[in-house]
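The values are calculated or read from the model by the stated rules, or taken from the named source; none is laboratory data. The structure presented is a predicted model; accordingly, all values stated were derived computationally and were not measured. Every residue, glycine as well, gets a Cβ built from its backbone with ideal geometry; the counts of neighbours run over all protein chains shown.
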């Protein structure tokens, strides 16, 4: 049975517990059955609370203590990285919902810690994370746009500062993007210029793109002056802006470019 140390539990010293043949007992009752267990890893008696649970064993505990098990796990992960990744991937696939909830809870409990870790990783590998982010945005455009809209609405000043800085550093690219957009959206471009002109003149009012489309549809997409429907229509202000007319849909009428130019600054209503 080995060496028996008969002593009160409070009198047991670390040296006694570390003795490979020591079996602490109390009043003649073997305490290894109640509180102690022999670790096969470090060859010493330890409290059962220092062992992980394992239902397959008779006593419901691992054969080695938590410290020894941790050392073994670290060694296995170091020597078998591919197998560890494969096992983790398999487990995550089988417990997807559980893993998602676990991560959400962890992030909620360690928000600042995670932000700091992310910032550190990005600072150490900027190119890597830039490419990862670019790939994800290309594969999830709708989700990325939604995230961006939500972030901008919650960080208006910061968003404006970032946009201004990027535009000042990429003037040629900005010009290319603007030119491409104007070619693809001629009606919206005219609308923008018209509204901006009215704003600079202080007349007030804004004509929205949908309002203009509805007005053109109301008059059959025809010029109200010459009646042609095979030409591009422009916004004409019944009372010109130069005479104090407002830039609103109730002061607008669809005319072709020629008729609009001939009308000039006259206050002629063709409706």
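The residues of the stretch 220-250 that are free of Cβ contacts under 8 Å to residues at least 40 places away in the same chain, within 16 Å of residue 208 (Cβ to Cβ) and surrounded by fewer than 19 Cβ atoms within 10 Å (Cβ to Cβ) amount to a single one, 250. The residue of the stretch 251-265 that is nearest to residue 235 (Cα to Cα), among those that are at pLDDT 85 or above and surrounded by fewer than 16 Cβ atoms within 10 Å (Cβ to Cβ), is 257.
Can you find a residue in the stretch 140-157 that is touching a helix residue (DSSP H, G or I) at 6+ places or on another chain (Cβ under 9 Å), outside the structural domain of residue 252 (by TED's automatic domain parsing) and closer than 30 Å to residue 257 by Cα? Looking through the stretch 140-157, none of the residues is touching a helix residue (DSSP H, G or I) at 6+ places or on another chain (Cβ under 9 Å), outside the structural domain of residue 252 (by TED's automatic domain parsing) and closer than 30 Å to residue 257 by Cα. When residue 210 is tested against (1) in contact with a strand residue (DSSP E or B) (Cβ under 8 Å, 6 or more places away or on another chain); (2) modelled with pLDDT of 80 or more, just one condition goes unmet, and that condition is (1).
Screening the stretch 177-271 for helices (runs of 4 or more DSSP H) wholly inside it with 1 or more residues that are in contact with a helix residue (DSSP H, G or I) (Cβ under 8 Å, 6 or more places away or on another chain) returns the ranges 186-201, 209-218.
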